[in-house]
1. Take the residues in region 131-141 that are charged (D, E, K, R) and either in contact with a strand residue (DSSP E or B) (Cβ under 7 Å, 6 or more places away or on another chain) or part of a helix (DSSP H, G or I) (or both); name whichever of them is surrounded by the fewest Cβ atoms within 10 Å (Cβ to Cβ).
2. Among the listed residues Ala128, Ala118, identify the single one that is within 30 Å of Val33 (Cβ to Cβ), assigned to a helix (DSSP H, G or I) and touching a helix residue (DSSP H, G or I) at 6+ places or on another chain (Cβ under 6 Å).
3. Whether any residue in region 174-196 is hydroxyl-bearing (Ser, Thr, Tyr), not assigned by TED's automatic domain parsing to the domain that holds Gly290 and not in a loop (DSSP other than H, G, I, E, B) is what I want to check.
4. Tell me the residue from Gly257, Gly233 that is without any contact (Cβ under 8 Å) to a residue 60 or more places away in the chain, assigned to a strand (DSSP E or B), surrounded by 14 or more Cβ atoms within 10 Å (Cβ to Cβ) and not assigned by TED's automatic domain parsing to the domain that holds Val45, please.
5. Being outside the structural domain of Ser94 (by TED's automatic domain parsing) and over 28 Å from Ala301 (Cα atoms) narrows it down to one of Gly158, Gly154, so name that one.
6. Scan region 144-168 for residues that are surrounded by fewer than 24 Cβ atoms within 10 Å (Cβ to Cβ), farther than 14 Å from Leu131 by Cα and touching a residue at least 60 places away in the same chain (Cβ under 8 Å) and report the count.
7. For region 173-191, does any single residue satisfy the condition of being β-branched (Val, Ile, Thr), closer than 20 Å to Ser242 by Cβ and without any contact (Cβ under 8 Å) to a residue 24 or more places away in the chain?
8. Search region 277-301 for residues that are within 11 Å of Ile113 (Cβ to Cβ) and pair each with any residue that is in a strand (DSSP E or B) when their beta-carbon atoms are under 7 Å apart and the residues are at least 6 apart or on different chains.
Amino acid sequence: MSNAIRIHAHGGPEVLTYENADPGQPGEGQVLVRHTAIGLNFIDVYYRSGLYPAPGGLPLIPGGEAAGVVLALGTGVSWLKPGDRIAYAVNVGSYAEQRVIAADRVVKVPDGISDEQAAAMMLKGMTAEYLLRRTFPVKAGDTILYHAAAGGVGLILGQWAKHLGATVIGTASSPDKIELARAHGFDHVINYKEQDFVAGVAALTGGNKCDVVYDSVGADTFPASLDCLRPLGMFVSFGQSSGPIPPFSMSLLAQKGSLFATRPTLFVYNAKREDLVKSAEALFDVVKSGAVEIKINQRYALKDAAKAQSDLEARKTTGTTVLIP
């Protein structure tokens, strides 16, 4: 029997219960996977709290990314075999020892990438990929601002953006997190608790501001993020760890410099299998090249997922965290 973390009602970390959960057998186009490592992400908290509606309703097994080994194949799956190492990033279902998943949502993990690395970077790394390469294609000479620079996505995106030749500005809340971000590609990191980040960006750029702002914080950084953009710059809101951005008039974008604004999601960008595979391959390549380093900063047992989420919400974690079944 496989064990899993399940949510029966929305609430705090205490609603995460560790219990038996039979994954069943794979049907057509599916595979049965035994997880070896599971990623921890803020979106897991959103599904637990009810901020995001749970796909399929409750009860729910949370978790959006993992790596593992194929145990069994359903009919129609010819490109995988038992024993293959795979990884994925989806909406929910990864907080489990075993699971059945659609085969077209998984990718093979190449040699040179460990299971823990794969589990820790699929959602965060492919998020960095689409943000940097597709939402706003960053090129050499661009200046970007990324909030929460010491977070999981931030530590990957900072390195990748630097590899692309951008000037990378971040925000963080403590000296330790500032030091961590600087060690992961960020040229400048503003302590937003001690300095107004809008003034900081203006000073760092000589008043020219940024080509793009990547913001997963939400309420606490809006609308100030708009004041960090040059005319015709792009505001990319891809999360809301401090709460949702309040409704605003489109005329605000005109007033701030004819700005562009978008609210992208990984799952739309990678809805087509061909895009998923290209995104994963780009991520694997940049990690294998050494341009982006994936460090596992925290490890928790799967049964201790409540503690892991509590620490994540309290900002006691940095970078990537994995749960071990």
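The values are calculated or read from the model by the stated rules, or taken from the named source; none is laboratory data. In this text, all values refer to a predicted model and were calculated from it rather than measured experimentally. Reconstructed Cβ throughout: ideal geometry from the backbone, glycine too, with neighbour counts over all protein chains shown.
1. Top of the filtered list is Arg134.
2. Ala128
3. There is no residue in region 174-196 that is hydroxyl-bearing (Ser, Thr, Tyr), not assigned by TED's automatic domain parsing to the domain that holds Gly290 and not in a loop (DSSP other than H, G, I, E, B).
4. Matching residue, one of Gly257, Gly233: Gly233.
5. Gly158
6. Looking only at that region, the number is 1.
7. Yes; the residues of region 173-191 include at least one that is β-branched (Val, Ile, Thr), closer than 20 Å to Ser242 by Cβ and without any contact (Cβ under 8 Å) to a residue 24 or more places away in the chain.
8. Ala280/Val107; Ile294/Thr320
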